[in-house]
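Report on one structure; see the data block that follows.
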Amino acid sequence: MRTLRLSLKSRRALLGLAFISPWLIGFIFLFATPLLQSIRFSMSNLSVAPGGYVLDFVGLKNFKDAILVDATFNRILVDSVGAMLLNVPMILFFSLFTATLLNQKFKGRTMARAIFFLPVILASSAVAAAESAGLINLMGDASAVESSTEGGASFNVISIVRMLNDVGLPMAYVDYIVEAIMRIYDIVSSSGVQILIFLAALQSVPGSMYEVAKIEGATAYESFWKITFPMMSPLILTNVIYTIIDSFAGSPVTEAIYQTAFKTQNFGLSSAMSWLYTLVIGLVLVVVGWVLSRR
């Protein structure tokens with residue numbers, strides 16, 4: 001009796017299917033039907049009727065209204081894309097820098113890694129729901145912050161701008177660095193997953209490569225750019241894509257789409273906005289993925 005032997009490529013393909021099977025099952029049974037329904041809504045005028053709703057086909061009218069008629073959707077969409085272009089480099093640089101530090105050997109390294117991942121846990125839906133219900137307070141007492149600033153411990157931005165100007169940096173770089181400093185809380189809270197991915201990439205680099213580079217006289221700076229950065233470059237693309245999607249997930253555009261659907265009861269226009277938003281995200285991901293892959 002002949003035994004069926006799978007090739008290495010076939011075994012890897014089956015292993016990949018096994019990994020994506022939970023998502024695939026969830027997509028087919030939970031997400032595919034609402035996705036197709038949203039396409040129908042985006043091309044129809046929905047009106048509530050006894051026992052359900054009625055759809056009147058209007059073609060691309062809802063898309064035209066979202067782009068040309070709605071007073072705020074275009075502005076919010078452009079602002080969200082601009083904020084994403086500013087946030088992604090900040091988050092990636094901070095994540096890579098922090099992962100490099102956490103990869104060093106020092107006492108309390110495990111605790112430090114847990115602290116940097118803590119904002120991801122605090123940003124979960126359960127914790128956010130508890131905070132909105134008034135059960136917990138993650139931001140502390142505002143009066144305590146005001147009293148500390150009144151005592152002379154306020155943050156002085158002018159001194160930082162002057163210091164960076166004295167170094168000789170162009171004003172555009174100075175503005176970007178100051179913007180990153182002013183939004184440090186948002187950057188740290190959005191960098192937990194990226195730090196873990198970069199940390200896993202750093203730990204996968206063979207230590208023998210650093211030993212050879214040290215024997216050859218390479219400095220730590222040269223080892224980073226000649227060994228560390230090229231070895232972890234595939235995961236840089238992964239982190240860029242994850243950060244872009246994560247920045248769009250909680251943007252003001254999502255809130256505007258929700259308000260259009262459930263406040264004004266215009267489900268057709270809301271669905272059209274959702275698909276326009278999805279197309280913009282997809283276009284950004286394609287362009288960024290193509291540029292990084294070429295580089």
* Rounded accessible area of Asp56 (nearest 10 Å², 1.4 Å probe) -> 80
* Quote the FRET efficiency, to the nearest 0.05, computed for Leu36 versus Val280 with a Förster distance R0 of 22 Å and r equal to the Cβ-Cβ distance. => 0.60
* **For Asn45, residues with placed amide H under 5 Å, excluding near neighbours** => Asp56, Phe57, Val58
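Could you provide, to the nearest whole Å², the per residue accessible area of region 1-72 with probe 1.4 Å?
Working: 6160 Å² over 72 residues.
That works out to 86 Å² for each residue.
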* **Distance in nm between pseudo-label sites at Ala114 and Tyr185 (7 Å out along the Cβ direction from Cα)** => 2.4
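Counting only protein chains, not ligands or nucleic acids, how are Asp65, Asp175 ordered by accessible area (probe 1.4 Å), most first?
Details: Asp65 40, Asp175 85 Å².
Descending accessible area places them as Asp175, Asp65.
How do 218-224, 27-33, 269-275, 198-204 rank on mean C-beta neighbours within 10 Å, highest first? Present the calculation step by step, with values, prior to reporting the outcome.
Values: 218-224: 12.4, 27-33: 10.3, 269-275: 24.1, 198-204: 16.9.
Answer by packing, highest mean first, reads 269-275, 198-204, 218-224, 27-33.
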* Evaluate the distance, in nm, between pseudo-label points positioned 7 Å from the Cα of Asp79 and of Gln265 along their respective Cα→Cβ axes. => 2.8
* **Whole-Hz ³J(HN,Hα) from phi, Karplus 6.51 cos²θ - 1.76 cosθ + 1.60, for region 247-263, glycine and proline x** => 5, 7, 5, x, 7, x, 5, 4, 5, 5, 5, 5, 5, 5, 6, 10, 9
* Structure fact -> Treating every alpha carbon of region 1-98 as one equal point scatterer without solvent, the Debye formula yields log10 I(q)/I(0) values at q = 0.11, 0.15, 0.20 Å⁻¹ of -0.76, -0.97, -1.05
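Excluding Ser208 itself, calculate the net charge of residues whose Cβ lies under 14 Å from the Cβ of Ser208, where each Lys or Arg counts +1 and each Asp or Glu counts -1.
Values: positive: Lys214; negative: Glu211, Glu216.
Residues near Ser208 contribute -1 overall.
The values are calculated or read from the model by the stated rules, or taken from the named source; none is laboratory data. Bear in mind that the values here come from a model prediction, so they are computed numbers and not experimental data. Heads up, the Cβs are rebuilt from the backbone with ideal geometry, glycines too, and the neighbour counts pull from every protein chain shown. Calculation scope for accessible area: heavy atoms of the full protein, side chains included, ligands and nucleic acids excluded. Shrake-Rupley method; radii C 1.70, N 1.55, O 1.52, S 1.80 Å.
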